[in-house]
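The values are calculated or read from the model by the stated rules, or taken from the named source; none is laboratory data. The structure presented is a predicted model; accordingly, all values stated were derived computationally and were not measured. Here the Cβ positions follow ideal geometry from the backbone for every residue, glycine too, while neighbour counts run over all protein chains shown.
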């Protein structure tokens, strides 16, 4: 005789599947700029501090991730924890200024994003 699973187990499995599906859908619908913030520009504050301007979702949590320095460049990555806004466009992004403190003076070095692309100074 075959033993059947209690209905509570099937309800729990179904609920978990629905939640995972909903999260996957929200991530899929997000604008790529919301998940990977676009760096607009940077501004020097002093010789060891810069403000990096990035476009992010208005309800996201954003911070400087890593700073890697070389003799010619400073590479800055920005981490963001986006809010689940389905299908947002760039018109719903905010321009934020994130403070990055450098171990050494900026000097004449260029500032780059995490992929090594130059970020313009403004």
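If you check 56, 27, 34 for being at negative phi, in a helix (DSSP H, G or I), modelled with pLDDT under 90 and crowded, with 18+ Cβ neighbours inside 10 Å, only one passes: 34. When 122, 101 are checked against the criterion of being exposed (fewer than 12 other Cβ atoms within 10 Å of the Cβ) and at pLDDT 90 or above, a single residue qualifies: 101.
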